[in-house]
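Contents: one structure, followed by commentary.
What follows is calculated from the coordinates using simple rules that are stated; it is not laboratory data. What you see is a predicted model, and the numbers here were worked out from it, not measured in a lab. Neighbour counts run over all protein chains shown; Cβ positions are idealised from the backbone, glycine included.
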Amino acid sequence: MTRPGYLKLSLIVLIISTTATSVRASAFIGHVDTFSTGVADWHATDPKSTYQPVVSASGGPSGPGDHYLLLKDSFTSDDLASGVSLANNKQWAASYPGVSGMFVSVSNFGLADVYLNLLFETEEAKTGAVLNAAITKNAVLLKAGAGWQKVFISLGASNLTAWDSLGTVAGALKKTTSLQIIVSSGPTVPLPKHPKDTNEVTPKASEERLIPLSYLNVGFDDIQAAPEPSTVSLMAITGVFLLLFRKSIIGSSRRDRAR
């Protein structure tokens, strides 16, 4: 190979390696959870919950025949304040640098307004202990009865914060093992209670009956990740360079055969 050929090859290796770093583990970019064939590995984070998400075969954002994921639950208002969440440990367990945010179509079929947050966790493989956790700051308001709406949840640094003092935002996004959608009754999700919290007072049975039940009824569809503009540009530049490099190789081969 001639020296110019070596230079071209070195340049293409550099661009490909840079692109791979930017979109590392981002094969999920372009993937969309449409729930046309099932729940797509989404499940309630509470393994004891009897209210697991189900697929509704019609009534999604596109109307009749459009499948969507439905989360229904009933619990005390205190429980809803702490948040009810769905988790995915499969296709959305990935690396999120290079992702600007998440799109999701949602509809609040319930009677009360609720709020939506995203939580990213990195768990230790053997013990399941949470090493890093990051939650979105600006909760999305879902008005009751407002119908389907497509929302964008930014993953910019200004919209993320470490959750419950567990690790760092960067650590949670670099190797996410669990993506969670949290639905709560307020814009701020309280920190979870831990077994070490001994100051919690258990209410009497008569007091428990005074806590009203909240009925959650929220639909989700078309969940997808949005790449950062720089990532898209880099991938496009790489594609153009590969095409030009291919044409250059073909041209060189033809000239060599003509000699």
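Just a few scattered comments:
- Label-point gap, in nm, between TYR51 and VAL39 - each point 7 angstrom along Cα→Cβ: 1.4
- Label separation (PHE103 vs ASN138): 1.8 nm, computed from points 7 Å beyond Cα along the C-beta direction.
- Pairwise label distance in nanometres, SER95 with LYS126, each label 7 Å out on the Cα-Cβ vector: 2.5
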